[in-house]
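Chemist: Below is a structure I'd like to ask you about.
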Amino acid sequence: MNTKFLSPRLGAMCGIIGSIAFAALWTGAVYLDGNWVLGEMTLSELGDRSRPGSPLFNGGAIFAGIMSLVFSVGLYRVLSASVLGRLGTAILGLASIFLIGVGVFPIDTGMPHTIVSVAFFTLGAIALALLVVPAWKSHVLHRGGGLVTLVLLLISLIGLATLALPAAEALSVGCLLLWTVLISIRMLWHHPA
């Protein structure tokens with residue numbers, strides 16, 4: 001295995017690129033759609049192939065999933081000293097595969113979309129919960145990485161408990177994008193080249 005290719009720094013760069021690209025493509029899909037309303041409609045509704053912004057949204061989910069998969073490998077390299085770190089990053093990688101599935105199976109495919117979407121969100125939350133302690137103890141991410149992981153996970157869970165599903169989903173995606181960028185920046189600044 002080429003360990004330079006799977007380095008934490010490459011993972012971090014892919015995490016940042018994937019998050020920014022998805023945010024931009026999501027925004028572009030909203031602009032092209034013209035009828036999508038934040039907090040009232042799920043993100044997946046943008047992926048319905050009858051909607052004008054669907055290629056941007058679905059392509060964004062696929063691209064972000066691929067970048068997140070590379071990010072999870074880089075994060076694995078950072079947190080592999082603990083069982084929770086290995087397990088959490090492996091589950092994050094699996095969630096990334098399901099994110100690719102969100103783009104491959106848009107909402108108009110019915111049950112396949114529901115399965116990949118629910119799996120993505122569920123596994124993403126489980127991964128973050130498992131990564132709080134390993135991030136906190138990491139010599140790369142430090143306590144700040146653990147705290148960011150915990151706070152953004154709690155915001156997502158509180159949103160799920162108190163908001164309508166479309167708003168909770170958008171909040172969770174925003175938190176996950178922010179978490180990926182913040183952890184990636186920490187990996188770039190504090191991991192040896």
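Chemist: Could you tell me how many of the residues in segment 133-166 are open to solvent by 30 Å² or more (accessible area, probe 1.4 Å) and part of a helix (DSSP H, G or I)?
Modeler: Going through segment 133-166 one residue at a time, the tally reaches 18.
Chemist: Would you pick out the residues in segment 82-122 that are closer than 17 Å to Leu178 by Cα and among the aliphatic types (A, V, I, L, M)?
Modeler: Scanning segment 82-122 gives Leu92, Ala95, Leu99.
Chemist: To continue, here is another question. Find all pairs meeting these conditions: Cβ atoms under 8 angstrom apart; at least six residues apart or on different chains; first residue within segment 132-145 and at positive phi; second residue outside any loop (DSSP other than H, G, I, E, B) and open to solvent by 70 Å² or more (accessible area, probe 1.4 Å).
Modeler: From segment 132-145, the pairs are His142/Trp136; His142/Arg186; His142/His190.
Chemist: Out of the residues in segment 121-165 that are within 18 Å of Arg77 (Cβ to Cβ) and of a type in the set (Ser, Thr, Tyr), state the one that is modelled with the lowest pLDDT.
Modeler: The extreme case among them is Ser138.
Chemist: Out of all the residues in segment 21-41, is one or more of a type in the set (Val, Ile, Thr), at pLDDT 95 or above, over 26 Å from Ile115 (Cβ atoms) and surrounded by fewer than 23 Cβ atoms within 10 Å (Cβ to Cβ)?
Modeler: yes
Chemist: Tally the residues that are in contact with a helix residue (DSSP H, G or I) (Cβ under 7 Å, 6 or more places away or on another chain) and not aliphatic (A, V, I, L, M), restricting the search to segment 22-41.
Modeler: So the answer is 7.
Chemist: Does segment 42-76 hold any residues that are in contact with a helix residue (DSSP H, G or I) (Cβ under 6 Å, 6 or more places away or on another chain), open to solvent by 40 Å² or more (accessible area, probe 1.4 Å) and not charged (D, E, K, R), and which are they?
Modeler: Matches in segment 42-76: Pro52, Leu56, Ile62, Phe63, Leu69, Val73, Tyr76.
Chemist: Quick test for you: out of Ser82, Ser172, pick the one residue that is in contact with a Phe, Trp or Tyr (Cβ under 8 Å, 6 or more places away or on another chain) and open to solvent by 20 Å² or more (accessible area, probe 1.4 Å).
Modeler: Ser172
Chemist: Okay, next question. Search segment 90-114 for residues that are open to solvent by 50 Å² or more (accessible area, probe 1.4 Å) and pair each with any residue that is assigned to a helix (DSSP H, G or I) and of a type in the set (Phe, Trp, Tyr) when their beta-carbon atoms are under 9 Å apart and the residues are at least 6 apart or on different chains.
Modeler: Final answer for the pair search is Ala90/Tyr76; Ile97/Phe120; Phe98/Phe120; Phe98/Phe121.
The values are calculated or read from the model by the stated rules, or taken from the named source; none is laboratory data. The structure displayed is predicted, hence computed values, not measured ones. When we count neighbours, we look across all protein chains shown, and the Cβ atoms used for this are built from the backbone with ideal geometry, even at glycine. Quick note on the areas: whole protein, heavy atoms, side chains included, nothing else; ligands and nucleic acids left out. Shrake-Rupley method; radii C 1.70, N 1.55, O 1.52, S 1.80 Å.
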